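Here the structure is laid out as C-alpha cells; the discussion comes afterwards.
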Amino acid sequence: MSELRPIMLAGTGSDVGKSVLATGLCRIFLQDGYRPAPFKAQNMALNSYPTPEGLEIGRAQAVQAEAAGVPCHTDMNPLLLKPSSDHTSQVVLNGRPIGNKSAYEYFRHEGREELRQQVHAAFDRLAQRYSPIVMEGAGSVAEINLAETDLVNMPMAAHANAAVVLVADIDRGGVFASAYGSIMLQKPEHRSLIKGIIVNKFRGDMRLFDDGRKMLEEICQVPVVGVVPYLRDLHIEAEDSVAIEAKRRKAARGDGQCGCGAAAPSVKFHRL
C-alpha cells in the first residue's frame, strides 16, 4: 500500500469526541490494508496504561493502538500529564515520570523547546514504522493565548504536515460559531492545513441538517466531510480537563468509580 499523509483530529473544544473518532479511523485504515498507528503529543489523564516495556502512556492511545492492531508504545504519547491537584500535574516524558510541575511552570517558555523536540522526535520515529499516523489534538484548537507554547495542536500538525479535520460537537450547541471561530483564529499557514470538518454527536434525523451542512461549508470555506450520530454505548477513557472534572464529580456522588487500575479498557471493534 502507498503511504498516506498523517491525519489529525483537532477539536473545537474539550470532550468533542476526538478520541473515539481517532480510534475508529485507526480500525478503518487497518481494515483497508494500511498499517496505522495513533499519536497524541501531549495529553492529560488521571490514569495511564503500561506498555509492553512497562512504561506509561494515555489509556486512549492504548485503545487506539488496539484498534490499529499494533502494540502500544511511548512514541504514541510521548508527553502525559497526570493531574494531582487543580494546579499541579506529574509530568511523564517518554513513559517515565520526570517530576511534578504547576501549570504556570509547565506552560512557561523555558524548557518548552526541549519538550517540543522530544514530541517531534517521537512522531518522526513512529512515522518511519507506520502509515498513516492518526493524530489527535487536545482540547480546543484555538487557545490563542497558549499558541506560542502549544505542543499538541496546530504546531504539531505543521511539523507532521498533517491534514487536519476539525471535530465540532453539535450536541452542546454553537456548532457554527465554534467551527468558524476555531478556523478563523488560526495563523494563515495553520488554517491552510484544515481540510475538513466533522460534525459529531448528532441526535435525530440527519436530513434535518442538510441545510446546516451547506451553511457551515459556506461560512468556513471548508467541506463537511461527515456527520456522526450520537453514540451512547461506546466509551473510551477520557483525557481532558472537562471529562476529568466530570469523572471526579461522579466519583464524589458515589455513582461511579474514578478508576485506578492498569487493566486495558475493553472495546470490541467491528467494521465501521
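Structure above, values below:
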item: Residue among CYS72, LEU126, PRO83 farthest towards the positive dipole end of the chain, charges placed on Cβ; result: CYS72
item: C-alpha center-to-center spacing [the range 1-64, the range 168-238] in angstrom; result: 20 Å
item: Long-range tail of P(r) for the chain (Cα pairs > 27 Å, %); result: 36 percent
item: Cα-Cα separations in the range 123-181 greater than 13 Å, expressed as whole percent; result: 66 percent
item: HIS235 - accessible surface, heavy atoms, 1.4 Å probe, Å² rounded to 10; result: 130 Å²
item: Charge dipole magnitude, Cβ of K and R +1, D and E -1 - the range 151-246, Cα centre, debye nearest 20; result: 280 debye
item: Simple Cβ-charge dipole of the chain, Lys/Arg +1 and Asp/Glu -1, about Cα centre, in debye nearest 20; result: 480 debye
item: With DNA, RNA and ligands ignored, accessible area of LYS187 (1.4 Å probe; Å², nearest 10); result: 90 Å²
item: Most mobile listed residue (LEU126, LEU234, LEU55) in the chain, GNM with C-alpha springs under 10 Å; result: LEU234
item: DSSP-defined beta bridges in the chain - what % are antiparallel, rounded to 5; result: 40 percent
item: Residue of MET135, MET156, MET206 that the Gaussian network model of the chain assigns the largest fluctuation, springs spanning Cα pairs under 10 Å; result: MET206
item: Pairs of Lys in the chain closer than 17 Å at Cα, counting only those 8 or more apart or on different chains; result: 8
item: Dimensionless Rg/Rh of the range 92-210 - Kirkwood Rh, Rg from C-alpha atoms; result: 1.02
item: Candidates ILE194, ILE219, ILE236, ranked by Gaussian network fluctuation over the chain, Cα under 10 Å, top entry; result: ILE219
item: Estimated [θ] at 222 nm from DSSP helical runs (n ≥ 4, -39500 (n - 2.57)) normalised by residues in the chain, nearest 500; result: -10000 deg cm²/dmol
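The values are calculated or read from the model by the stated rules, or taken from the named source; none is laboratory data. The model shown is predicted, which means the values in this text are computed figures rather than measured ones. Methodologically, a virtual Cβ is constructed for each residue, glycine included, from the backbone with ideal geometry; neighbour enumeration extends over all protein chains shown. Quick note on the areas: whole protein, heavy atoms, side chains included, nothing else; ligands and nucleic acids left out. Shrake-Rupley method; radii C 1.70, N 1.55, O 1.52, S 1.80 Å.
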